[in-house]
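Engineer: Mind having a look at this structure? Questions to follow.
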């Protein structure tokens, strides 16, 4: 892969191989997040129950949510979950790009697709929370129009952001 135009964003990956690819992306996301928090987890078995549930059955874990996956050919290179609308808002969760495919516009493509989906479903505001040490992600969100918001999170070190659609 040499060009970002080879990446396709798909909504709600189906069963079978697509679910396996999504599970692999979610596993990488959770393992990296735990490592960044200083928690030594070597595989999915060491993750919290709620994260293992997402990995083992993303269809159930994200029922009602919009699940987006970026594919390069048959290779899953990124994912994003946009929660079902509630009170005119949806939330971006689990944005992840395979490190080998970063800096090719995949994350911004996933976010733009999520914003388009939100607009199509009548959502007025999209919000997200991001660990404060993920400065590259924060810069991306700011470039895409997200601004800091009053926190709805109880966990320390999370920055809450939102933007109107």
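Engineer: If you check every pair at least six apart or on different chains, which have Cβ atoms under 6 Å apart with a residue in the stretch 147-165 that is at positive phi and without any contact (Cβ under 8 Å) to a residue 12 or more places away in the chain first and a residue that is surrounded by 11 or more Cβ atoms within 10 Å (Cβ to Cβ) and not in a loop (DSSP other than H, G, I, E, B) second?
Structural biologist: From residues that are at positive phi and without any contact (Cβ under 8 Å) to a residue 12 or more places away in the chain, there are no pairs.
Engineer: Now, a different point. Within the stretch 144-158, is even one residue surrounded by 15 or more Cβ atoms within 10 Å (Cβ to Cβ) and within 19 Å of residue 67 (Cβ to Cβ)?
Structural biologist: No, the stretch 144-158 contains no residue that is surrounded by 15 or more Cβ atoms within 10 Å (Cβ to Cβ) and within 19 Å of residue 67 (Cβ to Cβ).
Engineer: Output the number of residues of the stretch 96-123 satisfying the condition of being in contact (Cβ under 8 Å) with a residue 60 or more places away in the chain and buried (at least 22 other Cβ atoms within 10 Å of the Cβ).
Structural biologist: Here is the first cut: in the stretch 96-123, the residues in contact (Cβ under 8 Å) with a residue 60 or more places away in the chain are 96, 98, 101, 104-106, 109-110, 113, 117.
Pick out the ones that are also buried (at least 22 other Cβ atoms within 10 Å of the Cβ) and you get 96, 106, 110.
The qualifying residues number 3.
Engineer: Considering only residues of the stretch 1-34 that are in contact with a strand residue (DSSP E or B) (Cβ under 8 Å, 6 or more places away or on another chain) and in a loop (DSSP other than H, G, I, E, B), which is modelled with the highest pLDDT?
Structural biologist: 12
Engineer: Across the stretch 20-55, what is the total count of residues that are closer than 28 Å to residue 89 by Cβ and more than 15 Å from the chain's Cα centre (by Cα)?
Structural biologist: 9
Engineer: Helices (runs of 4 or more DSSP H) wholly in the stretch 57-165 with at least 1 residues that are at pLDDT below 95 and farther than 25 Å from residue 34 by Cβ - which ones? Before you say what the answer is, go through the steps one by one.
Structural biologist: On the way: elements: 58-61, 106-120, 135-143.
Per the criteria, 106-120.
Engineer: Limited to the stretch 35-56, what total is found for residues that are part of a helix (DSSP H, G or I), surrounded by 17 or more Cβ atoms within 10 Å (Cβ to Cβ) and out of contact with any strand residue (DSSP E or B) (no Cβ under 9 Å at 6 or more places or on another chain)?
Structural biologist: Kept after step one, since they are part of a helix (DSSP H, G or I), are these residues of the stretch 35-56: 35-36, 44-46, 49-56.
Now restrict to residues that are surrounded by 17 or more Cβ atoms within 10 Å (Cβ to Cβ): 44, 51-52, 54-55.
If we keep only those that are out of contact with any strand residue (DSSP E or B) (no Cβ under 9 Å at 6 or more places or on another chain) too, we end up with 44, 51-52, 55.
Summing the residues that are part of a helix (DSSP H, G or I), surrounded by 17 or more Cβ atoms within 10 Å (Cβ to Cβ) and out of contact with any strand residue (DSSP E or B) (no Cβ under 9 Å at 6 or more places or on another chain) in the stretch 35-56 gives 4.
The values are calculated or read from the model by the stated rules, or taken from the named source; none is laboratory data. All values derive from a computational prediction rather than experimental measurement. Neighbour counts are summed over all protein chains in view; Cβ atoms, including those assigned to glycine, are modelled from backbone coordinates with ideal geometry.
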